[in-house]
Amino acid sequence: MDQADTPRSDKATETTKKRPPRGTGRRLHGAIAHKIGTAIVSGVYAPGDILSSEVDFSEILDVSRGAYREAIQVLAAKGLVESRPKAGTRILPRHRWHLLDPDVLAWAFAGEPDTQFVRDLFELRAVVEPAAARFAAERRDRGDLKAMKDALAAMRRHTLATDAGRAADRDFHDAILRATRNDVLMSLSASIGAAVSWTTQYKQRARALPRNPIPDHAKVYDAITAGNGDAADAAMRALVDLAFDDTRSAMPEA
């Protein structure tokens with residue numbers, strides 16, 4: 001029996017083999033949303049599938065129907081599902097999903113992420129970040145440079161094998177986006193930061209990082225500090241390309 005023929009109740013059971021801890025409020029419905037969202041993004045549920053009823057899912061999860069409804073509202077706000085009276089909760093087509101939402105990115109990387117999705121993320125970065133580095137070189141101020149320098153120092157101190165080092169990596173990319181003085185680019189900060197963090201963690205699941213990427217970041221910083229837009233663009237393009245090469249080597253197909 002293929003996935004499309006799998007009974008909804010069986011899928012719900014598969015999704016909830018490990019029940020989220022009992023609790024109340026945001027933590028509980030967040031845990032439910034994480035569990036169901038991960039199942040959707042990983043393909044346990046396919047677009048067009050109808051989730052089990054509110055009553056069934058609540059019993060399987062051992063949570064209140066109210067907590068389950070709140071979790072579904074979270075998923076709906078992120079474009080993953082649509083709920084209609086009498087029709088139930090349906091998984092929406094992938095093009096409706098808010099794929100750059102930090103939570104959706106986290107759910108995608110909770111298991112083995114789709115190879116094409118990883119490629120898509122790096123294509124986005126290759127479009128956005130070199131241009132952002134160019135703008136940053138032309139528009140940055142002392143505060144921006146200090147933020148980049150501090151983040152770079154923290155990356156060196158902690159390394160990207162640690163949570164603190166990956167947080168500093170996010171801060172570095174965030175500082176560049178803020179230095180563009182472009183509100184639309186700055187609005188991508190959380191998404192770009194999440195993509196950077198999750199792909200960095202992904203590369204280290206089975207082995208250590210294949211090389212130290214911090215010198216690549218330093219080249220971007222040096223070019224921005226020098227106010228050289230062409231060099232900043234080229235350095236960031238090289239950083240993203242090398243990061244994709246490292247990530248591709250960690251993919252199962254490699």
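The values are calculated or read from the model by the stated rules, or taken from the named source; none is laboratory data. Keep in mind that this is a model prediction, so the values were computed, not measured. Ideal geometry is used to build each Cβ from the backbone, glycine not excepted, and the neighbour counts take in all protein chains shown. All accessible areas refer to the heavy atoms of the entire protein, side chains included, with ligands and DNA or RNA removed. Shrake-Rupley method; radii C 1.70, N 1.55, O 1.52, S 1.80 Å.
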Within region 228-245, is even one residue part of a loop (DSSP other than H, G, I, E, B), at positive phi and either modelled with pLDDT of 95 or more or crowded, with 20+ Cβ neighbours inside 10 Å (or both)?
no
If only one of 113, 47 is modelled with pLDDT under 90 and either closer than 30 Å to residue 250 by Cβ or not in a strand (DSSP E or B) (or both), which one is it?
113
Please verify whether residue 166 is open to solvent by 30 Å² or more (accessible area, probe 1.4 Å) and either outside any loop (DSSP other than H, G, I, E, B) or under 21 Å from residue 124 (Cβ atoms) (or both), treating the condition exactly as stated.
no
Which is charged (D, E, K, R) and in contact with a helix residue (DSSP H, G or I) (Cβ under 8 Å, 6 or more places away or on another chain), of 114, 120?
114
Within region 195-227, which residues are outside any helix (DSSP H, G or I) and over 12 Å from residue 250 (Cβ atoms)?
211, 212, 213, 226, 227
Restricting region 191-227 to residues that are among the small types (Gly, Ala, Ser) and open to solvent by 60 Å² or more (accessible area, probe 1.4 Å), the residue that is modelled with the highest pLDDT
226
Looking at 80, 75, 99 in this structure, which one is touching a helix residue (DSSP H, G or I) at 6+ places or on another chain (Cβ under 9 Å), free of Cβ contacts under 8 Å to residues at least 40 places away in the same chain and under 26 Å from residue 191 (Cα atoms)?
99
Take region 139-154 and flag every residue that is farther than 14 Å from residue 218 by Cα and open to solvent by less than 30 Å² (accessible area, probe 1.4 Å).
144
The residue that is least open to solvent (accessible area, probe 1.4 Å), considering only those in region 98-127 that are over 13 Å from the mean Cα position of the chain (by Cα) and among the hydrophobic types (A, V, I, L, M, F, W, C), is 126
Picking from 178, 157, which residue would you name as being surrounded by fewer than 16 Cβ atoms within 10 Å (Cβ to Cβ), modelled with pLDDT of 95 or more and not hydrophobic (A, V, I, L, M, F, W, C)?
157
